[in-house]
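A.B. asks: First the structure, then my questions, so here it is.
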Amino acid sequence: RRLVGMPAGHFPSPTTKHSRCTRLSAWLATSCVLLGLWMTSGSTARGDLASQLSVRQASASSPSPLRLKQALRRRQSLSNDRAASRYTRDHVKANANAIDAATPGSIADSQFTLAAEDPERINLKAQLLQLAAALDRGQSYNPQRSGAYEERADKAREIIERLVEIAPPIPESPEALDGEWEMVYTTVKYGIFRSSPFFLAVQEAFGDAEAFGQKSAELFFRLHELQTCSFGLSTIGRVAQYIDTEKGVLASEFDTTLLGLTTIPIIGWFKLFPTFGGCVITVSKAQFDKDTKDINMEVDYTTFKPVPGLTGGIPGSIMWDRKVPVGAVWQILPWNGGRKATCSVKVVYLDDSFRIVQDRDGEMFVYARPVSPRSTLSSALVL
């Protein structure tokens with residue numbers, strides 16, 4: 001202090017310096033402790049983070065309950081798809097067996113086994129059913145009206161011919177034919193009712209005779225259609241067959257509606273005549289030839305039955321359940337020369353859901369097992 005000439009109070013005393021050093025040392029020690037704690041906590045945190053990451057990875061490798069549920073649902077969905085595929089393949093036969101189990105000569109009791117799961121046949125049948133719906137079972141193409149839909153009709157015929165080419169073997173057992181069949185398509189012109197044995201017998205009777213440059217049978221069916229279907233006076237509904245090979249019977253039916261819509265054009269606001277109609281049933285004796293695969297038929301009688309929801313009217317009420325002995329009358333007609341009303345069709349395709357037959361002129365009739373069967377034919381099978 002003397003050297004610099006400063007007052008004594010401007011320099012700390014030794015006691016003060018010692019206290020300051022002590023505080024500095026304490027601060028440094030505290031800082032070291034805090035730094036050590038921070039480093040320790042940091043490593044612990046990093047360890048916790050690593051452990052959390054490992055847990056997450058482990059959880060990713062072992063799915064959570066939610067993921068397990070989602071996986072199980074996806075697996076169940078795949079299982080359902082496979083089951084649906086099996087159903088698509090088998091449901092036709094199952095339905096047919098269920099339908100026919102309660103009918104005489106049920107195909108459920110036969111030894112008839114088919115390869116209905118052939119993908120090409122399934123695809124062809126689906127295409128044919130689509131065309132059959134679009135063409136109203138073949139009625140939409142009628143050259144007597146116009147040439148409309150001829151290309152579609154040709155396509156339907158191509159599909160039928162391909163089905164016949166890849167058809168499974170026709171069984172020798174006639175029981176395979178038993179039960180109820182609905183007609184879904186035909187290649188014939190001038191009336192789908194021509195599947196009836198009566199009209200097949202007319203066709204057989206004319207044979208190959210010609211008139212006015214065309215087959216006499218074709219001319220007959222053209223004139224028949226003009227007389228019965230002009231102005232929409234008559235329309236054809238369901239067409240079906242019921243076969244019982246044990247009894248040797250084939251019953252063919254078609255529903256007809258008469259005077260469906262009658263009014264005065266433009267000014268008419270109500271029907272002029274009531275609608276009536278019914279089911280026309282032709283019962284024939286039938287035998288299946290296992291060698292030629294022909295169904296040989298002889299027309300016996302025709303009867304009429306009411307259709308649910310369709311008023312019979314006075315003509316219907318008189319005709320219900322009456323048997324017209326067509327076979328006997330046929331033989332006494334002079335132009336038939338005492339011949340019986342016989343006809344035949346060849347079975348060219350048969351499985352548990354489809355039946356295709358061919359007439360003498362090469363025209364095809366396609367039948368399918370009904371989705372909604374009808375038993376109006378049962379009481380008409382007693383010869």
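A.B. asks: Just need a number here: residues in the range 323-345 that are under 37 Å from the mean Cα position of the chain (by Cα) and at pLDDT below 85.
C.D. replies: 0
A.B. asks: Continuing with the same structure: If Val357 satisfies all but one of (1) open to solvent by less than 30 Å² (accessible area, probe 1.4 Å); (2) at pLDDT 95 or above; (3) over 30 Å from Ala133 (Cα atoms), what's the number of the condition it fails?
C.D. replies: For Val357, the failing item is (3).
A.B. asks: Another one. Contact list please: Cβ distance under 7 Å, first residue in the range 172-191 and touching a residue at least 60 places away in the same chain (Cβ under 8 Å) and of a type in the set (Asp, Glu), second residue in a loop (DSSP other than H, G, I, E, B) and open to solvent by less than 10 Å² (accessible area, probe 1.4 Å), pairs at least six apart or on different chains.
C.D. replies: Asp178/Ser106; Glu180/Pro370; Glu182/Pro370
A.B. asks: Also: Answer yes or no: is there a residue in the range 245-260 that is at pLDDT below 95, β-branched (Val, Ile, Thr), surrounded by fewer than 20 Cβ atoms within 10 Å (Cβ to Cβ) and part of a helix (DSSP H, G or I).
C.D. replies: Scanning the range 245-260 turns up no residue that is at pLDDT below 95, β-branched (Val, Ile, Thr), surrounded by fewer than 20 Cβ atoms within 10 Å (Cβ to Cβ) and part of a helix (DSSP H, G or I).
A.B. asks: Scanning for something within 21 Å of Thr282 (Cβ to Cβ) and not in a helix (DSSP H, G or I), does the range 147-162 turn up at least one residue?
C.D. replies: No, the range 147-162 contains no residue that is within 21 Å of Thr282 (Cβ to Cβ) and not in a helix (DSSP H, G or I).
A.B. asks: Of all residues in the range 261-308, count the ones that are among the charged types (D, E, K, R), in contact with a helix residue (DSSP H, G or I) (Cβ under 8 Å, 6 or more places away or on another chain) and open to solvent by less than 80 Å² (accessible area, probe 1.4 Å).
C.D. replies: So the count comes out to 3.
A.B. asks: Based on this model, can you work out whether Arg194 counts as surrounded by 14 or more Cβ atoms within 10 Å (Cβ to Cβ), at pLDDT below 90 and not in a strand (DSSP E or B)?
C.D. replies: yes
A.B. asks: What's the number of the only condition in (1) outside any helix (DSSP H, G or I); (2) more than 29 Å from the chain's Cα centre (by Cα); (3) under 30 Å from Pro274 (Cα atoms) that Ile236 fails to meet?
C.D. replies: (2)
A.B. asks: Going by the conditions given, is Arg121 open to solvent by 70 Å² or more (accessible area, probe 1.4 Å) and either part of a loop (DSSP other than H, G, I, E, B) or farther than 26 Å from Ser252 by Cα (or both)?
C.D. replies: For Arg121, the condition - open to solvent by 70 Å² or more (accessible area, probe 1.4 Å) and either part of a loop (DSSP other than H, G, I, E, B) or farther than 26 Å from Ser252 by Cα (or both) - is not met.
A.B. asks: So which of Ala148, Ala167 ends up being over 24 Å from the mean Cα position of the chain (by Cα) and surrounded by fewer than 20 Cβ atoms within 10 Å (Cβ to Cβ)?
C.D. replies: Only one candidate qualifies: Ala148.
A.B. asks: If you check Ala201 against the conditions, is it farther than 26 Å from Leu129 by Cα and either in contact with a Cys (Cβ under 6 Å, 6 or more places away or on another chain) or at pLDDT 95 or above (or both)?
C.D. replies: Criteria met by Ala201.
A.B. asks: Can I ask one more? Would the range 274-294 turn up any residue that is modelled with pLDDT under 90, in a loop (DSSP other than H, G, I, E, B) and not hydroxyl-bearing (Ser, Thr, Tyr)?
C.D. replies: The answer is yes; a qualifying residue exists.
A.B. asks: Related question: Which residues, taken from the range 336-350, are in contact (Cβ under 8 Å) with a residue 24 or more places away in the chain and either of a type in the set (Phe, Trp, Tyr) or open to solvent by 50 Å² or more (accessible area, probe 1.4 Å) (or both)?
C.D. replies: Answer for the range 336-350, where residues must be in contact (Cβ under 8 Å) with a residue 24 or more places away in the chain and either of a type in the set (Phe, Trp, Tyr) or open to solvent by 50 Å² or more (accessible area, probe 1.4 Å) (or both): Arg339, Lys340, Thr342, Lys346, Tyr349.
A.B. asks: Which of the residues belonging to the range 332-372 are basic (Lys, Arg) and either outside any loop (DSSP other than H, G, I, E, B) or within 17 Å of Val202 (Cβ to Cβ) (or both)?
C.D. replies: Correct list: Arg339, Lys340, Lys346, Arg355, Arg360.
The values are calculated or read from the model by the stated rules, or taken from the named source; none is laboratory data. Quick caveat, the model's predicted, so the values are computed rather than measured. So basically every Cβ, Gly included, is an ideal-geometry build from the backbone, and we count neighbours across all protein chains shown. Keep in mind that these areas ignore ligands, DNA and RNA; they rest on the heavy atoms of the full protein, side chains included. Shrake-Rupley method; radii C 1.70, N 1.55, O 1.52, S 1.80 Å.
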